[in-house]
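Structure record follows, encoded as structure tokens.
The values are calculated or read from the model by the stated rules, or taken from the named source; none is laboratory data. These numbers come from a predicted model, not from an experiment. Backbone-built Cβ (ideal geometry, glycine too); neighbour counts: all protein chains shown. Side chains included, ligands, DNA and RNA excluded: accessible areas come from the protein's heavy atoms. Shrake-Rupley method; radii C 1.70, N 1.55, O 1.52, S 1.80 Å.
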Amino acid sequence: MDEAYDGLGITYDFFWNIFERHSIDDEGMPLQGIVHFGKEYNNAFWDGQKMTFGDGDNDLFKRFTISLDVIGHELAHGVTEDEAGLVYFNQAGALNESMSDVFGAMVKQYKLNQSSDKADWLIGAELLSEKVSGKALRSMSDPGSAYDDPILGKDPQPKHMNDFVNTFEDNGGVHINSGIPNRAFYLAATNIGGFAWERAGKIWYETLKDARLRANTGFKRFANLTVYNAIRLFGQGSVEEQAVQNAWNEVGIKTSIKEPLQYAH
Amino acid sequence: MLIDFKSDGGIAYFPGLNRSKLINTDSLSNEDSMKAKELVQRCRFFSITYNEVPQRGADRKTYTISITDGDNKNIIRVSDPVEDEALADLISFLNKLSRKAR
Ligand SMILES: [Zn+2]
């Protein structure tokens, strides 16, 4: 219980100290978490009101509160739902998932006081049992490399649009194709340097709050909005803008700032 | 009794865990077979109807369960958190059987 309590506390502090956000809804919504859910339950989820964590089966998975980024991931689902309501399906759903990994990873880095070049960029690095051949649920720096195991299978995340997965499974691949925007964030943060939350994180957070981020936004529109927000925050032609453009380019998404500027009219 | 059980979704997509499991109670141990039948009966599986797609939330698991027992047949789909306790018990047990079978 303490682990979940502490994890939610650190996540709250992160959003407050870095983004001046007062809880999930920015209006001080009490953070509710349920732990020890079900029996040997291998999962953690957000149900629209609260976070729930299972104990894991102790065979493949340990308890789901063990990784701070997983706690941050679940809380961030509440933030995304509140700000953008990104539909949990296809590309919008993969962006929803990616936002949770982005904030989850930053919460862990914040706790460890880690700059982006020192971070492991893994989600759930503590969660898999010793029996599993793998290092985490996902890798943001190298999507597709998190595990390759006889029981779990191989990490299916793509890291480039060329390998985008079309599927009806997993709500249209929300936990699969999130590898693409995840890697874009990793590239932007490491190219900019310093702490991820200072600049790349700020750009992503402002994009999440941008009114032009509609519920059904796809990767390209999201990417354009991050460029637009990089310009708004740091100036046209800034290192930050360049880093964000290059990051999306590297995962196969060509950005255009003309387009988001038009959205305003 | 034939049980087709599929668990989809969750905080990560694991290709190896996302396959549907066909469980034939005849090939289970006596104890597991009795337990499965008891849980199916207790949640009145053949008379419940669930076909839910959650509107909010994220990382929930969705369970699709199809059971055939003689002339009785039913298929349901539910997502976490499963409020029906007897059904939640059945799902926990099917998860356990799937683990044993892998
Ligand atoms: Zn998620």
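What residue, among those in segment B:56-90 that are in contact with a Ser or Thr (Cβ under 8 Å, 6 or more places away or on another chain) and aliphatic (A, V, I, L, M), is nearest to the other protein chains (Cβ to nearest Cβ)? Within segment B:56-90, the match that is nearest to the other protein chains (Cβ to nearest Cβ) is B:A58. None of A:S129, A:S145, A:S141, A:S116 is more than 12 Å from every other protein chain (Cβ to nearest Cβ), surrounded by 23 or more Cβ atoms within 10 Å (Cβ to Cβ), modelled with pLDDT of 95 or more and more than 16 Å from the ligand (Cβ to nearest atom) except A:S116. All conditions in (1) closer than 18 Å to B:G9 by Cβ; (2) in contact (Cβ under 8 Å) with a residue 12 or more places away in the chain; (3) more than 10 Å from chain B (Cβ to nearest Cβ); (4) away from the ligand (no atom under 16 Å from the Cβ) hold for A:V165, with the sole exception of (3). A count restricted to segment A:62-77 and to residues that are of a type outside the set (D, E), closer than 23 Å to A:V102 by Cβ and more than 8 Å from chain B (Cβ to nearest Cβ) stands at 8. Of the residues that make up segment A:53-64, is at least one under 16 Å from A:I24 (Cα atoms) and small (G, A, S)? No; the residues of segment A:53-64 include none that is under 16 Å from A:I24 (Cα atoms) and small (G, A, S). Look at (1) under 10 Å from the mean Cα position of the chain (by Cα); (2) among the small types (G, A, S); (3) open to solvent by 80 Å² or more (accessible area, probe 1.4 Å) and you find that B:S66 fails only one, number (3).
Residues that are more than 14 Å from the ligand (Cβ to nearest atom) and open to solvent by less than 10 Å² (accessible area, probe 1.4 Å), at least 3 per element: which strands (runs of 3 or more DSSP E) completely within segment A:13-80 meet that? Fully inside segment A:13-80 and qualifying: nothing.
Could you list, in sequence order, the residues of segment B:64-83 that are closer than 20 Å to A:K39 by Cα and touching a Phe, Trp or Tyr at 6+ places or on another chain (Cβ under 8 Å)? The answer is B:T64, B:I65, B:R77, B:V78, B:S79, B:D80, B:P81, B:V82. Looking across A:Q245, A:Q236, one residue alone is out of contact with any strand residue (DSSP E or B) (no Cβ under 9 Å at 6 or more places or on another chain) and either closer than 30 Å to A:L60 by Cβ or surrounded by fewer than 15 Cβ atoms within 10 Å (Cβ to Cβ) (or both). It is A:Q236. Of the residues that make up segment A:179-200, is at least one touching a residue at least 12 places away in the same chain (Cβ under 8 Å), within 14 Å of chain B (Cβ to nearest Cβ) and more than 23 Å from A:A247 (Cβ to Cβ)? No - not one qualifying residue is present in segment A:179-200. Can you spot a residue in segment A:88-98 that is among the polar types (S, T, N, Q), open to solvent by 50 Å² or more (accessible area, probe 1.4 Å) and modelled with pLDDT of 95 or more? Within segment A:88-98 (the criterion being among the polar types (S, T, N, Q), open to solvent by 50 Å² or more (accessible area, probe 1.4 Å) and modelled with pLDDT of 95 or more), the answer is yes, since at least one residue qualifies. The selection criterion, being away from chain B (no Cβ under 14 Å) and assigned to a helix (DSSP H, G or I), does not hold for A:N96.
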